[in-house]
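Have a look at the structure below, then the notes.
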Amino acid sequence: MTRPKILVTEALGPKGLAYLAEHAEVDAHDLLPPAELPGLMGQYDAVIIRSAHRLTRELMTGHPRLKVVARAGAGVDNVDLTAATELGLAVINAPGANAIAAAEHSFGLMLAVMRNIRRGDLHVREGGWNRQAHLGQELHGKRLGIIGLGRVGRQIARIAHGFRMEIYAYDPFITPDIFTAHNVTRVETLDDLFPVADVLTLHTPKTGPHLGKEQFRRLPPGAVVINAARGGLMDEEALFELLDSGHLGGVGLDVFTVEPPPRDFRLFNHPNVVLTPHLGGSTHEALAEVGMMTARGVIEALQGLTPPNIVNVPIPDLDGAQFRGLDQAARILGRVFAILNPEIRRSLVLSLKGQIPGSVSPWMRQAVLAALLSERMDDRVNTVNALIKAEQQGIRVLVEEEYAEDREPSLHLRWEGEPDSAVVVGLNKLVPTLKMLGGIPVELPWPDRALITRHRDAPGVVGLVGTLVGQHQVNIGNLYLGRNQMGQNALMVLTLDTAAPPALVAALKAHPEIEQVYVFE
């Protein structure tokens, strides 16, 4: 099998490059001149950038070989996501790889502001020793307000528990169970957060709320404000005015509206401010993890998997084993259904039952559609562009959810109004198991290679199939039978040690008792 080729346009780090080299041919640059990138795009299966390049629609179009584009960093502002999705390109980044670094830096700013560390350092360097003039405040027992309970926000909460802080958070995009799992009090609106936050810290993308004087005025007197997330989300002039008036007790900023800040930046002149040059995610450990997370995601995407750090697929917040199990089950379900149902008839119904949280359904719908359409179309179809391709094919998917804590997860797919078309894949301890094929119950752990017959439930058919398989020198590993009612439709699933030759399939299809033959390899 030909190894994929990957272009790395900027320094990625030795661990990430070594991982890529284990799986692919890699051309790596410390900094590829941007003018050279257009001429190289068509030669690679994947392209990894950082900040010096932009992947536009024009740059990504017209390259059949290209499958994956990646940015080794948390954001993807320099990648045209809409174009990449339409082109079926997986977009990979490294969210949360620097979450611990950013969270630790946020607490560094809190401590530096509240314990007067910067002022105390300067005082000692100048020969002073006035401890009374530099008394600070403890984090212990303070109320912490977090805007954004994503990867960094959750690390903030984890650390804050160690300081015995009361933790409140606002995030309308996070389900209540995430707040509960991290022992954080959820506030319903952003306005509700300000009055309870002795310390306010922001951890949202650029699309997060923009905070100005009216919001900061609702904070308790003496409150401290921290921003180590994105510049431009806080009115820096308002921060200065409220510091100057004494309403705010201190400010710590790692990011700014303009970077670096201009020389007349007013916060330079306030003693209760600590400023750092966008260091939040920059540690040796974080940079190495960014490279590794990006590399792992790119390789998984090239292998046809759905990596958890893919940007243009709605990936749910699941642990790794649960995610992989559901991803495999969705792929099996879509593929088996497509093979058993070669013609499109009407809308599909996807039912998610058992221990499958509601947040999973958008991703499940795309994953099942991608597997189904891949069996039907020659065009590139994957989880990225599955919804677009389904719309072009006139396919609609209705999603039903029946959550039950005491039942193993199972995925059901059928044509609307046709229960006999149903295919069901369950997860038995996260191992995909076929539960129903074409409305007929079975119980079969997913095999790597199988032959399935749909036939009339009549004496002699099972023996006939076994004889034909043996005559073609194919060994049967296991045999499973299923039927709806005696004498009516039946299914036989044979797991095979070797591939079923075309002559065997033709011989089975020619027998009058056998209605259909399906081969899975």
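The values are calculated or read from the model by the stated rules, or taken from the named source; none is laboratory data. Computed from a predicted model, the values in this text were never measured in an experiment. Every residue, glycine as well, gets a Cβ built from its backbone with ideal geometry; the counts of neighbours run over all protein chains shown.
Exactly one condition in (1) more than 17 Å from T306 (Cα to Cα); (2) surrounded by fewer than 17 Cβ atoms within 10 Å (Cβ to Cβ); (3) touching a residue at least 40 places away in the same chain (Cβ under 8 Å) is false for L81; which is it?
(1)
So in the stretch 1-57, with the set limited to residues that are in a helix (DSSP H, G or I) and touching a strand residue (DSSP E or B) at 6+ places or on another chain (Cβ under 7 Å), which one is nearest to A286 (Cα to Cα)?
Top of the filtered list is L17.
If I go through the stretch 311-324 residue by residue, how many of them are touching a residue at least 24 places away in the same chain (Cβ under 8 Å), buried (at least 18 other Cβ atoms within 10 Å of the Cβ) and either closer than 20 Å to G358 by Cβ or of a type in the set (G, A, S) (or both)? Full working, then the answer.
Step one: list which residues in the stretch 311-324 are touching a residue at least 24 places away in the same chain (Cβ under 8 Å), which gives 311-318, 321-322, 324.
When the remaining residues are screened for being buried (at least 18 other Cβ atoms within 10 Å of the Cβ), the result is 311-313, 315-316, 318.
Pick out the ones that are also either closer than 20 Å to G358 by Cβ or of a type in the set (G, A, S) (or both) and you get 313, 315-316, 318.
Qualifying residue count, the stretch 311-324: 4.
Kindly list the number of the only condition in (1) of a type outside the set (A, V, I, L, M, F, W, C); (2) out of contact with any Pro (no Cβ under 6 Å at 6 or more places or on another chain); (3) part of a strand (DSSP E or B); (4) not assigned by TED's automatic domain parsing to the domain that holds L340 that fails for K435.
In the conditions (1) of a type outside the set (A, V, I, L, M, F, W, C); (2) out of contact with any Pro (no Cβ under 6 Å at 6 or more places or on another chain); (3) part of a strand (DSSP E or B); (4) not assigned by TED's automatic domain parsing to the domain that holds L340, K435 misses (4) alone.
Need the failing condition index for A238 against (1) over 27 Å from D317 (Cβ atoms); (2) in a loop (DSSP other than H, G, I, E, B), just the number.
In the conditions (1) over 27 Å from D317 (Cβ atoms); (2) in a loop (DSSP other than H, G, I, E, B), A238 misses (2) alone.
Does P362 count as in the same structural domain as E408 (by TED's automatic domain parsing), surrounded by fewer than 18 Cβ atoms within 10 Å (Cβ to Cβ) and either within 20 Å of P307 (Cβ to Cβ) or at pLDDT 90 or above (or both)?
For P362, the condition - in the same structural domain as E408 (by TED's automatic domain parsing), surrounded by fewer than 18 Cβ atoms within 10 Å (Cβ to Cβ) and either within 20 Å of P307 (Cβ to Cβ) or at pLDDT 90 or above (or both) - is met.
Do we find that K509 is exposed (fewer than 15 other Cβ atoms within 10 Å of the Cβ), within 23 Å of P342 (Cα to Cα) and among the basic types (K, R) in this structure?
Yes, satisfied.
Among the residues of the stretch 382-392, are any touching a Lys or Arg at 6+ places or on another chain (Cβ under 7 Å) and either part of a helix (DSSP H, G or I) or more than 16 Å from P342 (Cα to Cα) (or both)?
no
Would you be able to say whether some residue in the stretch 396-416 is hydroxyl-bearing (S, T, Y), farther than 20 Å from L333 by Cα and surrounded by fewer than 16 Cβ atoms within 10 Å (Cβ to Cβ)?
So in the stretch 396-416, the residues hydroxyl-bearing (S, T, Y) come out as 403, 410.
Of the ones still in play, those that are also farther than 20 Å from L333 by Cα are none.
No, the stretch 396-416 contains no residue that is hydroxyl-bearing (S, T, Y), farther than 20 Å from L333 by Cα and surrounded by fewer than 16 Cβ atoms within 10 Å (Cβ to Cβ).
Being within 24 Å of A422 (Cα to Cα), outside the structural domain of V423 (by TED's automatic domain parsing) and not polar (S, T, N, Q) narrows it down to one of L481, L504, so name that one.
Every option except L481 fails the conditions.
Looking at the stretch 43-58 only, could you name the residues that are buried (at least 19 other Cβ atoms within 10 Å of the Cβ) and either at pLDDT 95 or above or among the acidic types (D, E) (or both)?
Y44, D45, A46, V47, I48, I49, L55
Would you point out which residue out of I159, I100 is touching a Phe, Trp or Tyr at 6+ places or on another chain (Cβ under 7 Å) and either part of a helix (DSSP H, G or I) or assigned by TED's automatic domain parsing to the domain that holds T61 (or both)?
After ruling out the rest, the residue left standing is I159.
Just to be sure I understand the filter: pairs with C-beta atoms under 6 Å, separated by 6 or more residues or on different chains, first member in the stretch 198-220 and of a type outside the set (S, T, N, Q), second member surrounded by fewer than 15 Cβ atoms within 10 Å (Cβ to Cβ) and in a helix (DSSP H, G or I). Which pairs pass?
Partner pairs satisfying both residue conditions: R218/P195.
Give the residue that is farthest from P441 (Cα to Cα), with candidates limited to residues of the stretch 461-519 that are assigned to a loop (DSSP other than H, G, I, E, B) and among the polar types (S, T, N, Q).
Residues of the stretch 461-519 assigned to a loop (DSSP other than H, G, I, E, B): 472-475, 484-488, 497-501, 511-513.
Retained after the next criterion (residues that are among the polar types (S, T, N, Q)): 473, 475, 484-485, 488, 498.
On the way: Q473: 29, N475: 25, N484: 7, Q485: 11, Q488: 13, T498: 26 Å.
So the residue we want is Q473.
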